Structure formats: structure tokens, C-alpha cells
Amino acid sequence: MEQQRGNWSSNFGFILAATGSAIGLGNLWKFPFITWDNGGGAFVLVYLVCIAAVGLPIMMAELLIGRKTQKSAIGALREAVGPLWGLVGGWGVLCGFILLSYYTVIAGWSLFYFTKTVTWSTGGFPSDLSMGELFGAQSGNGGLQLIISLLFSIATVSVVYFGVQKGIERIARIFLPVLFAILALMLVSALTMSGSGEALAFIFRPNFAELRPSGVLEALGHSFFTLSLGMGLMITYGSYMDRTQSIVKASAIIIVLDTVVALVATVIMFSVIFSVAGMADEIGGSTVGMLFISLPELFYTVVPFGRILGPLFYVLIALAALTSSMSLLEVVTSYVIDEHGLERHKATLMCGASVFVFTVLAALSFGSTPWLSTMEIFDGKIGWFSTADHFVSNWMLPTGGLAITLAAGWFMTRETTEGELLDGIQPGWFSYGAWRFFIRFVAPIAVAAIIIAVLFFNVDFS
Ligand code: PFF
């Protein structure tokens with residue numbers, strides 16, 4: 001029997017939910033680190049170009065496929081393009097499944113650091129504590145890892161369980177404004193710090209000598225991750241839109257908000273880092289290090305109002321992660337509902353539990369279980385977690401993205417895509433011809449470049 005599909009209660013609700021999906025650990029955990037690693041300004045500039053030239057057209061393509069068909073990833077591609085394209089949707093669902101399984105682990109860490117910072121803020125920061133050791137002890141403690149990732153999974157399942165409007169949209173409506181408020185508070189505090197000038201110069205003054213060719217591809221690869229593209233998430237969210245909403249306007253707003261948050265988070269973190277003599281040299285070579293090893297202590301030593309902002313910062317990470325993890329679970333759940341006719345509650349619990357089996361593997365791969373921590377399938381990617389992240393970021397998202405550009409640019413008719421994109425906007429405001437050029441030529445060539453770089457030149461986005 002055909003079930004009643006969910007839909008967003010309003011345009012605003014949809015924009016918040018989709019922005020919540022986009023803003024996540026990619027903005028707070030990955031972007032600042034890769035900006036650091038790639039030398040700042042020039043990388044940021046290239047990233048902005050990638051977001052506008054590739055991310056924006058693909059976002060519109062995904063949303064239009066979803067809204068046109070009113071189906072989740074697999075059914076939508078099958079209906080919009082052809083039966084074999086269901087496989088591309090299936091690839092996306094699998095990608096959502098894997099990504100959610102390890103995303104939950106990092107999100108769990110934010111819960112751990114939240115409780116730690118609350119204890120330090122109320123009971124005083126212990127002077128003899130090494131942050132590196134603390135991090136190693138928590139990530140290597142299998143029992144603790146399982147508990148915190150289970151807690152986070154339960155939170156994710158609880159949202160999706162209540163459906164599109166009462167679960168996802170409602171949580172996005174509450175949490176996103178809170179997230180923006182925390183970020184604004186932290187920005188104000190960061191800008192008063194002595195390192196803020198240096199941080200702003202590092203981020204916004206391009207120095208092309210610092211930019212490696214692989215940085216360009218890394219910027220492009222990250223634009224998929226951060227905008228939740230390449231795995232059918234925006235197809236799924238688009239399928240709950242109604243025809244009065246403009247896809248073009250919504251895409252522009254989502255992209256601008258996601259980019260602003262990534263930049264603000266980077267300004268905040270770098271202002272703190274540049275305010276401490278010698279700190280810049282200590283930032284290790286890992287994404288994890290900046291957020292969970294370098295920063296926690298600095299809240300208690302240099303950040304103005306750090307005793308309040310420290311716990312708030314980790315709440316911010318947890319909220320951003322939740323609005324993304326719920327969207328990932330929705331991709332998997334909506335597939336089971338649409339394609340197998342399962343009722344939402346059952347489907348959510350089943351999908352949540354299945355994903356958690358793989359979360360266990362990721363959670364135990366930081367030292368607590370030797371074979372999970374030392375396995376190596378891809379060169380230099382040690383452990384289950386890094387293997388999964390490498391597979392998703394380097395292989396799944398770019399290939400999925402390429403397929404979607406081809407679907408919308410080459411396989412769907414001009415009338416269909418034009419009709420969807422011109423709905424709800426004033427003529428003259430948007431050039432359909434420009435979109436078509438980008439989705440047919442610029443985006444596929446750029447994404448193919450990523451795939452070639454991964455295949456033949458060992459470039460790494462994870
Ligand atoms: N965009 C999220 C982030 O930046 O953390 C990650 C993500 C969520 C990717 C949902 C893909 C997705 F479908």
C-alpha cells in the first residue's frame with residue numbers, strides 16, 4: 001500500500017533542515033584543518049570557486065530530481081532517468097549508511113568533551129593534564145566509545161523516528177538558531193583575541209605560492225562532503241518539497257550559510273591558535289588534533305569567557321553533527337520506506353540498528369581492538385575509521401556526484417530541468433542557460449578530475 005509521504009511544513013523549515021544537513025563536522029572538524037594544511041587564503045579562494053561553480057549546480061540538480069519525482073534517491077533516479085540509474089541511488093544509500101556509521105563516532109567525542117569541559121568549568125582545569133594523553137585514553141577506551149556513540153545514535157534515531165516534519169524539521173528549527181547564536185558568541189570572543197588579525201590574514205589573504213595542485217582537488221572534494229552532495233541526500237530532501245518553493249533560491253541560501261559557518265568556525269579556531277605563542281607549530285598533522293587536542297585546554301588558558309565558551313563549543317559540535325546525522329539516517333530510512341513499504345517507525349529502528357553495527361567497528365578502531373585499529377586496505381589509511389572515511393570521501397561521493405551531473409545534464413530533458421528550476425522565481429533573476437552549461441560541462445569535468453587524481457595521482461580527500 002502506498003504510504004503518505006512526509007513533506008516540509010514550509011520553505012523556511014526545508015531550508016533550515018537542508019542547511020542543518022550541510023553544516024556539520026565537515027565545517028567544524030574538516031574545513032579548518034584542511035585550510036590549515038593547505039596554507040590558508042589561496043585554498044579558501046579556490047574552495048569558494050568550487051562551491052559556486054560545482055557545488056551550487058549539483059545542489060540544484062539533486063533538489064530538482066527529488067522534487068520532480070517525489071521519491072527518495074533510488075526511486076527518484078530510476079524514474080527521472082531510467083531503470084539502471086537506480087543503482088546510482090543505491091550507491092548513494094550505501095554511502096549514507098557508511099558515512100553515518102563513522103560520523104557518529106566523532107559526534108560521540110563531542111559528547112565526551114562536553115562533559116569534560118563542564119567538569120573543568122565548574123571544578124577547575126587540572127594543571128597537570130596532557131590533552132594528547134586524554135585524547136588517546138578516551139578514544140582507546142572501547143567501552144566508553146561504545147557508550148558515547150550509542151548515545152549519539154539513539155539521539156539520531158529518535159529524531160528520524162518522528163518523521164520529516166515532526167522530527168527532522170522540528171529539530172532543525174530549534175537547533176540551527178542555537179548553533180548560529182553560539183557561533184556568533186564565539187566569534188565575538190575570538191575577534192577580541194590578540195591572534196585574530198593574523199588569523200584573518202591567514203584565511204583571507206591569498207598566497208598562491210602556498211597552494212599545491214592537490215589542494216585544488218581537495219577543495220573540490222570537500223565541497224561535496226560539506227554540502228551533503230553526491231549521495232542523494234538532497235534528492236531525498238528535495239522529494240519533500242512542494243512546487244511553490246524555488247529550488248534556485250533555496251540552494252543559494254543553503255550554500256551561503258554553509259560557507260559562512262565554515263569560515264566563521266575557521267576564524268574562531270585560528271584566532272585562538274594564533275594567540276598562543278608557538279601553538280601554530282604544534283598543530284599536528286591530523287584533523288582530529290585541532291578540535292580535540294589543541295583547543296580544549298586553550299579555553300581555560302587564553303579564550304575570554306572560555307569557561308562558558310568551552311562547553312558551548314562542544315555543544316555546538318554535537319548539534320551540528322546531529323542535524324547532519326539525522327539527514328544521513330533519513331537517506332537510508334526513506335529508501336526502506338519507499339522501496340520496501342515499511343512503516344517509518346519500524347524502518348527507522350531497523351536502519352538505525354543496522355548502521356550501529358558498523359559504528360561499533362569504527363568506535364573500536366582507535367586502539368581498543370587491535371585488528372580494527374591496524375587494518376590497512378588503502379595505502380597509509382590505518383584502521384577501520386580511516387578506511388571508511390577514505391572510501392566515502394575519495395570514492396563514493398565523487399563518483400556519485402559525477403553520476404548526478406550526468407543524469408541532470410545529459411540524460412534528463414531540457415524541458416524537465418528547466419521547468420523545475422524556473423518554478424517560483426522571477427524571470428531574469430536566474431540564468432537557466434548558465435546552470436545547464438555548468439552541469440553539463442564544468443561540474444562533470446571537475447569531478448572527473450577528482451576521480452582521475454584519486455586513481456592515478458594518489459590525491460587524498462579523507
Ligand atoms: N555535510 C555534512 C558535514 O559537512 O558534516 C556531512 C554530510 C551529511 C555529508 C549528509 C553527506 C550527507 F548526506
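At a glance:
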item	result
Values of log10 I(q)/I(0), in the order q = 0.16, 0.22 Å⁻¹, for region 1-129 under a Debye, Cα-only, solvent-free model	-1.11, -1.38
Kirkwood hydrodynamic radius over Cα pairs of region 138-221, then Stokes diffusion coefficient at 25 °C and 0.890 mPa s, in µm²/s	141
Farthest toward positive dipole pole in the chain [+1 Lys/Arg, -1 Asp/Glu at C-beta], among W395, G163, A252	G163
Solvent-accessible area of S194 with every protein chain in place, 1.4 Å probe, in Å² to the nearest 10	100
Furthest towards positive pole of dipole, A362, A347, T266, structure part region 246-373, Cβ charges	A347
Tilt relative to the chain, helix 170-191 - C-alpha long axis, 0 to 90 degrees, to 10	40
Acute angle (nearest 10 degrees) that the helix 41-50 long axis makes with the longest principal axis of the chain, alpha-carbon atoms	20
Lys, Arg +1 and Asp, Glu -1 on Cβ, resulting dipole of region 300-422 about Cα centre, debye, nearest 20	500
Using alpha-carbon coordinates, inclination of helix 397-406 to the longest axis of the chain, degrees	30
Probe 1.4 Å, all protein chains present, accessible-area order of D281, D460, largest first	D281, D460
Given charges at beta-carbon only (K, R positive; D, E negative), |dipole| of region 239-369 in Debye	240
From phi via Karplus (6.51, -1.76, 1.60), per-residue ³J(HN,Hα) for region 264-278 in Hz, x at Gly/Pro	4, 4, 5, 4, 4, 5, 6, 4, 5, 5, 6, 7, 10, 4, x
Helix-derived mean residue ellipticity, 222 nm - over the chain, DSSP H n ≥ 4, -39500 (n - 2.57), to 500	-22000 deg cm²/dmol
Solvent accessible area, Å² - V303, 1.4 Å probe, full protein context	20
Dipole magnitude of the chain, debye to nearest 20 (Cβ charges: Lys/Arg +1, Asp/Glu -1, about Cα centre)	860
D_trans [Stokes-Einstein, Kirkwood Rh over alpha-carbon pairs] for the chain, 37 °C, 0.692 mPa s, µm² s⁻¹	148
Computed Kirkwood radius, in angstrom, where 1/r is averaged over Cα pairs of region 280-377	16.8
Pair-distance profile P(r), taking every C-alpha pair of region 3-73, with 5 angstrom steps and integer %	3, 12, 15, 23, 17, 12, 9, 6, 3, 1, 0
Where N is the number of residues in region 353-462, Cα Rg divided by 2.2 N^0.38 Å	1.51
For region 119-260, fraction of C-alpha pairs farther apart than 19 Å, in %	76
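The values are calculated or read from the model by the stated rules, or taken from the named source; none is laboratory data. Quick caveat, the model's predicted, so the values are computed rather than measured. So basically every Cβ, Gly included, is an ideal-geometry build from the backbone, and we count neighbours across all protein chains shown. Side chains are part of the model used for accessible areas, which takes the heavy atoms of the whole protein and leaves out ligands, DNA and RNA. Shrake-Rupley method; radii C 1.70, N 1.55, O 1.52, S 1.80 Å.
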